[in-house]
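Here the structure comes first, spelled out in structure tokens, and everything after it is commentary.
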Amino acid sequence: MNIEIRTASTAQTPEELLNDLRALVSDAELMLNGSPDENCSTSFAALQKRFDAARQQLGALYTGTKNTLAAGAKYTDQTIRANPYQSLAIALGTGLLIGVLVGRRSQ
């Protein structure tokens with residue numbers, strides 16, 4: 001079994017992380033479908049290292065996204081509490097606009 005051993009990359013975007021995960025799955029499938037040889041343990045160790053790196057990157061991406069969403073929700077809550085009548089008017093106007101557009105589309 002001769003597969004190319006790649007090193008773990010430092011994916012910065014979700015797309016790059018997804019591409020790394022796809023490549024990892026592809027390499028794992030090649031390893032499983034191939035015949036065992038003396039490089040099998042080396043290949044497995046490389047795959048394990050790449051998997052651990054991808055898991056850490058995914059955890060960091062999840063934590064960052066969670067913090068960003070929590071901050072946005074907190075800001076929205078503070079804005080609504082500071083301006084309740086303006087928030088209500090905006091929500092009513094948005095709902096009315098969406099209702100008119102959907103009503104026209106269904107005719």
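Against the numbered list (1) within 28 Å of THR13 (Cβ to Cβ); (2) loosely packed, with under 11 Cβ neighbours inside 10 Å, ARG50 comes up short only at (2).
Does ASP52 qualify as being charged (D, E, K, R) and either at pLDDT below 85 or assigned to a loop (DSSP other than H, G, I, E, B) (or both)?
No, not satisfied.
Suppose we keep only residues that are among the basic types (Lys, Arg) and free of Cβ contacts under 8 Å to residues at least 40 places away in the same chain within the stretch 50-87. Which one would you say is nearest to LEU17 (Cα to Cα)? Here the residue is ARG55. Looking across THR65, THR42, one residue alone is under 30 Å from ALA91 (Cβ atoms) and either assigned to a helix (DSSP H, G or I) or modelled with pLDDT of 85 or more (or both). It is THR65. For the stretch 8-27, does any single residue satisfy the condition of being at pLDDT 80 or above and in a loop (DSSP other than H, G, I, E, B)? So far as the stretch 8-27 goes, yes, one or more of its residues are at pLDDT 80 or above and in a loop (DSSP other than H, G, I, E, B).
The values are calculated or read from the model by the stated rules, or taken from the named source; none is laboratory data. Since we're looking at a predicted model, the values are computed, not measured. Methodologically, a virtual Cβ is constructed for each residue, glycine included, from the backbone with ideal geometry; neighbour enumeration extends over all protein chains shown.
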